[in-house]
Amino acid sequence: MQIREPISEDDFVKYYALRYKMLRQPWNQPLGSEKADDDHECFHAMICNDEQDVLAVCRLQMNSPTEAQIRFMAVDSAHQKKGLGRGIIDYVENVAISKGADKLVLDARDYALPFYEKTGYRVVGESYLLFGVIKHFRMEKLLRDMDAQNQVL
Ligand SMILES: CC(C)(COP(=O)(O)OP(=O)(O)OC[C@H]1O[C@@H](n2cnc3c(N)ncnc32)[C@H](O)[C@@H]1OP(=O)(O)O)[C@@H](O)C(=O)NCCC(=O)NCCS
């Protein structure tokens, strides 16, 4: 198992395929809807197995010099509840710290709230409705304390 950035064209094909499968296809969204116009400005992470199958994906963007945002987070349904979500979140949080962020924000789908609460995020308000049915909540996590912990370790 390996956590890394997608690099090759093949990496990105598999990266987007998992985004589509987990975040768009179940709501009958068209192929291509898994891509965002600003993807090229963002940091991308994925977890692969030894066969280079992509099992988890996540995108990190900087909203300002000190605020980062997680989007397009997904773990393949066959590999959920094995710690991959926590692993990829830890990884991008450390990338966010290295880029100068002291706060991470995200818009969580209602059914993913328990996962984000377990990984240290708290709800700060309601957010948008996706595809007319998926309610989102704005969540955040302060990274300053985490950075201090990393320096102690
Ligand atoms: C939400 C998601 C990313 C979680 O990934 P995961 O790999 O299953 O999560 P982990 O195994 O790392 O779980 C970390 C902790 O959260 C808990 N958890 C994960 N999903 C949970 C759920 N649906 N309900 C309650 N707890 C949950 C785990 O039990 C674990 O708790 P523990 O540390 O006490 O053992 C994954 O279920 C997913 O991709 N879902 C579909 C796409 C999606 O909703 N993406 C988020 C969009 S905002």
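Please treat every number below as a calculation from the coordinates, not as lab data. Quantities reported herein were computed from a predicted structural model and do not represent experimental measurements. In this analysis, Cβ positions are derived from the backbone assuming ideal geometry, glycine residues included, and neighbour counts consider all displayed protein chains.
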* Structure fact -> Using alpha carbon centers only, the stretch 64-102 is separated from the stretch 108-125 by a whole-angstrom value of 13
* To do: Can you spot the aspartates and glutamates whose alpha carbon is less than 20 Å from LYS14's alpha carbon? Ignore those fewer than 8 places along the same chain.
  => GLU5, GLU34, ASP37, ASP38, ASP39, GLU41, ASP50, GLU51, ASP53, ASP76
* Structure fact -> In debye to the nearest 20, the charge dipole size for the stretch 76-147, taken about the Cα centre with +1 at each Lys and Arg Cβ and -1 at each Asp and Glu Cβ, equals 140
* **Gaussian network model of the chain, Cα within-10 Å springs - most flexible of ASP102, ASP37, ASP76** => ASP37
* Output the peptides 16-26, 124-134 sorted from most to least packed, where packing is the average of other Cβ atoms within 10 Å over each peptide's residues. => 16-26, 124-134
* **Within the chain, helix-based [θ] at 222 nm, where runs of 4 or more DSSP H residues each add -39,500 (n - 2.57), nearest 500** => -8000 deg cm²/dmol
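Starting from the Cα gyration tensor of the stretch 75-135, take the square roots of the eigenvalues, sort them a ≥ b ≥ c, and report rounded, prolate or oblate (rounded when a/c is under 1.5, otherwise prolate if a/b is larger than b/c, else oblate).
Taking the square roots of the gyration eigenvalues as a ≥ b ≥ c, the stretch 75-135 is oblate.
Beyond 28 Å, how much of the Cα-Cα pair distribution for the chain remains, as a whole percent?
Tail of the P(r) past 28 Å holds 16 percent of the pairs.
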* To do: Tabulate in residue order the Karplus-calculated ³J(HN,Hα) for the stretch 77-86, using 6.51 cos²θ - 1.76 cosθ + 1.60 with θ = phi - 60°, rounded to whole Hz; enter x for Gly and Pro.
  => 4, 6, 10, 6, 6, 10, x, 5, x, 4
* State the answer as a single residue: which of ILE70, GLN80, GLY125 lies farthest towards the positive end of the charge dipole of the chain, with beta carbon charges of +1 for Lys and Arg and -1 for Asp and Glu, about the Cα centre. => GLY125
